[in-house]
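Report on the structure given below.
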Amino acid sequence: MEDLTSSGETVRGGASGPDPDDAALLVLFANGDAEAARELTGRLGPRCHSVALRVLGNRAEAEDVAQEAMLRLWRIAPRWQQGRARVSTWLYRVTLNLCLDRKRRKAAVDLDAVPEPADAAPGAAERLQEAARIDALQAALMDLPERQRQAVVLRHIEELPNPEIAGIMDISVEAVESLTARGKRALAAALAGRRAELGYEDD
Amino acid sequence: MTETERDLDAMLAAARARRDDLPDGLAARILADAATVQAAQTAGSERRLPTRGPGFWAQLRGALGGWPGLGGLATACAAGVWIGLAPPDFLPDPVTLVYQDEADLDVMGGASLSEFLSEDG
């Protein structure tokens, strides 16, 4: 577990170089600034949670992983080496590694994947359909091979540039392009038979 | 782009729209961890100062300018001892000075102590 975190320190930075804001906040945090913790949680907490949720397909586990990834960020704050990697790149990598650890430990079919929460607010019918579509997408994502799912989530849900994904996954940009292309084709094939069910015919 | 691809893009867009959701309980737990780690890290850096403070000799060495300062001090001491034992020509010999002082200083004004004590009142 720890080696995953420490290897994250040597992650190649993304195409846009180090992110001074997150790194500067991390220095403030290490100096005891409580406001920096809130700001970093607001910026990076959703990133960990979103990736973990889409990669694991399980809400409770995604929350645990996001909390653990952020805990590792807090712990490394005093030793953070400026300019080595973007904070977000490091954190995505730690999050994906924690997801992998969970999967290896469970090594079984995940039966309690939690569906999108039902919503009783106005426009609930539309939101219900949207939730059903996201559930269908999630189910299709879970059928992808691990690396394809990671690449598709980072590219098409987190909308990261390919060079940054390459840094997070420690592969070449070409490999990222190949994984995302194959992943998207597989998703489209999986969803092709469910158009009517998901209400796309009347769109 | 086929209809299915368009649908897939719409689904990915729907998932993107929810990517910034952070459950309240989770945000609170993350912040609680942050406070705990921050308190431990701050306490750790403060605790190191008194317990790992420099000892007496380290402080003295620091005040004198480190090992070079101490070396200089030792050399000066040794030179002082040598000058005291065998002063060069241009300096007065401290031993002679002490004897001269004793010779010059006659508090009794030439009278001897036995004379003074044998005088009757």
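Throughout, read-outs are computed from the coordinates displayed, never taken from laboratory work. None of these values were measured; they are calculated from a predicted model. When we count neighbours, we look across all protein chains shown, and the Cβ atoms used for this are built from the backbone with ideal geometry, even at glycine.
Label sites at B:PHE90 and A:ARG195, each approximated as a point 7 angstrom past Cα along Cα to Cβ, lie 11.0 nm apart. Between A:ALA60 and A:ASP170, the modelled labels are 3.1 nm apart [label points 7 Å from Cα along Cα→Cβ]. Highest-first packing order for the peptide set B:4-11, A:40-47, A:64-71, B:62-69 is A:64-71, A:40-47, B:4-11, B:62-69, based on the mean count of other beta carbon atoms within 10 Å. Neighbours of A:GLU68, meaning other residues whose beta-carbon lies under 11 angstrom from its beta-carbon, give a summed charge of -1 when Lys and Arg score +1 and Asp and Glu score -1. Per-residue 3J(HN,Hα) values for the stretch A:175-183, derived from phi via the Karplus relation 6.51 cos²θ - 1.76 cosθ + 1.60 with θ = phi - 60°, read 5, 4, 4, 5, 4, 5, 5, 5, x Hz in sequence order (x marks Gly and Pro). Applied to the stretch A:149-163, the Karplus parametrisation 6.51 cos²θ - 1.76 cosθ + 1.60 on θ = phi - 60° returns per-residue 3J(HN,Hα) values of 4, 4, 5, 5, 5, 5, 7, 9, 10, 7, 6, 7, x, 4, x Hz, with x for Gly and Pro. In order along the stretch A:59-69, the Karplus-derived 3J(HN,Hα) couplings, from 6.51 cos²θ - 1.76 cosθ + 1.60 at θ = phi - 60°, round to 5, 4, 5, 4, 5, 4, 5, 4, 5, 5, 4 Hz, and Gly and Pro are given as x.
A viscosity of 1.567 mPa s and a temperature of 4 °C, combined with the Kirkwood radius over Cα pairs in Stokes-Einstein, give a translational diffusion coefficient for the stretch A:60-108 of 112 µm²/s. Here the stretch A:81-108 is scanned for amide nitrogen atoms under 17 Å from the site 7 Å beyond the Cα of A:ASN31 along Cα-to-Cβ, giving A:81-83.
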